[in-house]
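The values are calculated or read from the model by the stated rules, or taken from the named source; none is laboratory data. Given the structure is predicted, the values throughout are model-derived calculations rather than measurements. All Cβ positions, even for glycine, are placed from backbone atoms using ideal geometry, and neighbour counts span all protein chains on display. Note: accessible area is taken over every heavy atom of the protein model, side chains too, but ligands, DNA and RNA are not part of it. Shrake-Rupley method; radii C 1.70, N 1.55, O 1.52, S 1.80 Å.
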Amino acid sequence: MLSPHDIRQVCQAGKDRDPGWYRIHRRLSIHITAFLLQTPITLNQVSLLMMFMAAIGAAMLTSANLWVNAGGGVCLYLSFLLDKVDGEMARYRQQESVMGILLDRFHHRLIEPLVFLALGWRAFQATGSWTPLIAALATMLAANIIEETQQLPAFIAAKFARETGRWPVPGTAGPSLGLQRVAGVMRSLKTFRTFITVLPLVLAAIAAETLSGQPVTSWLLLTSAVALWVYVLFQAWYYAHGQLDAELATLTVRVPVLPAQDDPEAPAPRLTNPPTLSVVSSTARGDRSPRRSGQANITALALLVLCGLAAGPAAAATYYVDNSTGACSNNGAGTEAQPYCTITAALAARGVAGNTILVKPGNYPEQVTLSASGTSSNPLVLRAFGGVVTVDGADDFSATNKWVNTSGDIWRAATVTWSPKQVFGDGLRLAASTAAVTALPPRTFRWVSGQGLYVNAGGGNPGTHQTRVGRRNYAFVLSGRSWITIDGFAATRTEDRALNLTNASNDVQILNNRVSFANKYGIYLSECLRARVASNVATDNNHHG
């Protein structure tokens, strides 16, 4: 018998990125998934049941009886859980279904919006006014426009490729940082189309209207219509001013390369790193049929569109940092092919709500300050990717030419123009000393203003001892920033605290990090609410880990 605990890791893979309040629902859905996996029910049948429960629940909201309304709320919430269940079952059974995506689209575009229509009809019956019914229809239309606009990159890329035989080349500028910050604030308006937030608002409005006799449901519908249409207009402006280019850049870098339009003999497109699918070139078979090549192009276009639809809201994009490649640029697109060189540059350009920044293995000598917040539905995620990513508070002085011998085993680095609190040799701290610079004991250091850093590394040039000189106070800094996840980094050798979270940095997640050799605290939180600090390892810090 399957237990929720045994299947959770597979069924909910990758869902640890969801906000904490959202993962609560997955604690319930996994029990339904565990039960249904032991039955012959198919994924499409689950999807149809999900749609049926939502339709029944919406119909029950039109009743004037509060108990019937409550039953409708239960049906609608069960539909919401089943929306999670079909995905969890698909991951466990390793099944993919184009029809499943289609049913999911029908559910979110046709069935879920019936909640607004039901509320409008209820208000119309109670008041005789057409205003709430018109507001309900306006809300439904705006909600669907918002969601469909978020699928534009996949549609535009597919249409462009169908007409030209190649993917579009997006601009490199993207939206300005100021516009991205405005977008992070404006996304809160989408609360009025997010099903799991709409449902309690609707039920609360019905209850308040029944108890007070005031047209609360009409007020809710009018507020929803205004909020969503304001977002529709902003969303159009946002896409026209760089966001479409940014999302096209992220999308098209992951899809198959198309043959040139003017080359009828070109082979069919191939996936460069196909995980489960391989497309065989028609040239390799000695078959240069344009019809077969066209079919392969259609397949590639279908893959692109399905990727765009399955990815959910397109406003959430992924960007890359990799300082180990010569292709990196702090002014580039941030794609995997042309990543940013520093984490700081990636955050300056792309550090807004909804985005995920993946940092590839390497040593990053920088102090990372997060200057923008995420939101409950669109957190900002900063994640190490593919190996050890070290955010280092010390500068590398392991080159022998940075040191000049002063006497015996005592050497000086004149370029250390700051007063370091920590110096490391051979991976261990050296001790600070007040002895004369001509008589420093082994494994000690002393900094002298105007002269530099004197070190006795225990024998020979400190450059041969992998010497690191502390310089930056923190690895990560959050002050008044919320809904942020920092996941999987090695933060080390900071002059003060490694991770410093203060001033109401709420709803943050600090996960899977290794924190070491901080001069003070490893992970420090002050005046922060609802923070999750989990699966971190803290060692060798001078104060508490």
Evaluate the distance, in nm, between pseudo-label points positioned 7 Å from the Cα of SER97 and of TRP418 along their respective Cα→Cβ axes.
5.7 nm
Helix runs (DSSP H) in the chain reaching 15 Å along axis by Cα, Kyte-Doolittle at least 1.6
43-60, 195-212
Å² per residue, accessible surface of segment 362-510 at 1.4 Å:
37 Å²
Short version: ³J(HN,Hα) in whole Hz for each residue of segment 358-367, in order, from phi by Karplus 6.51 cos²θ - 1.76 cosθ + 1.60 (θ = phi - 60°), x for Gly and Pro, what are they?
9, 10, 7, x, x, 9, 10, x, 8, 9
Taking the simple approach of a point 7 Å from Cα along Cα-to-Cβ for both GLU163 and HIS5, what is their distance in nm?
5.8 nm
Counting Lys and Arg as +1 and Asp and Glu as -1, what is the net charge of the other residues whose Cβ lies under 10 Å from the Cβ of VAL352?
+3
Diffusion coefficient in µm²/s returned for segment 12-144 by Stokes-Einstein, Kirkwood Rh over C-alpha pairs, 4 °C and 1.567 mPa s, is 81 µm²/s
In the chain, what % of DSSP beta bridges are antiparallel (nearest 5)?
30 percent
Set of lysines with alpha-carbon distance to LYS421 below 30 Å, sequence-local pairs under 8 removed:
LYS360, LYS402, LYS520
Can you compute the FRET efficiency between SER407 and ALA126 using 1/(1 + (r/R0)^6), with r the Cβ-Cβ distance and R0 = 60 Å? Round to the nearest 0.05.
0.05
Relative contact order of the chain, pairs being alpha-carbon contacts under 8 Å that are 6 or more residues apart, as %:
9 percent
If r is the Cβ-Cβ distance from ARG530 to GLU366 and R0 is 35 Å, what FRET efficiency results, to the nearest 0.05?
0.80
Given 0.36 nm per residue, what is the gain on full extension from LEU141 to PHE106 after removing their alpha carbon distance, in nm?
11.2 nm
Given a 1.4 Å probe and every protein chain left where it sits, what share in percent of the accessible area of the chain is carbon and sulfur?
59 percent
Do you know the relative contact order of segment 115-158, to the nearest whole percent, from alpha carbon pairs under 8 angstrom that are 6+ apart?
33 percent
Quick check: the distance between the Cα centres of segment 81-143 and segment 364-430, to the nearest angstrom?
51 Å
Can you list the residues of segment 439-459 with backbone N under 19 Å from a point 7 Å past the Cα of LEU428, pointing along Cα to Cβ?
440-446, 455-459
How charged is the neighbourhood of LYS402? Take every other residue with its Cβ under 11 Å from the Cβ of LYS402, and add Lys/Arg as +1 and Asp/Glu as -1.
-1
At q = 0.11, 0.13, 0.19 Å⁻¹, work out log10 I(q)/I(0) for segment 411-513 with the Debye formula, treating every Cα as an identical point scatterer and leaving solvent out; two decimals please.
-0.45, -0.57, -0.87
Under the Karplus relation 6.51 cos²θ - 1.76 cosθ + 1.60, θ = phi - 60°, what is the ordered set of whole-Hz ³J(HN,Hα) values for segment 532-545, x standing for Gly and Pro?
10, 10, 9, 6, 9, 10, 10, 9, 6, 8, 6, 10, 5, x
Length gain on complete extension for the stretch HIS543 to TRP237, per 0.36 nm per residue less the alpha carbon to alpha carbon distance?
105.2 nm
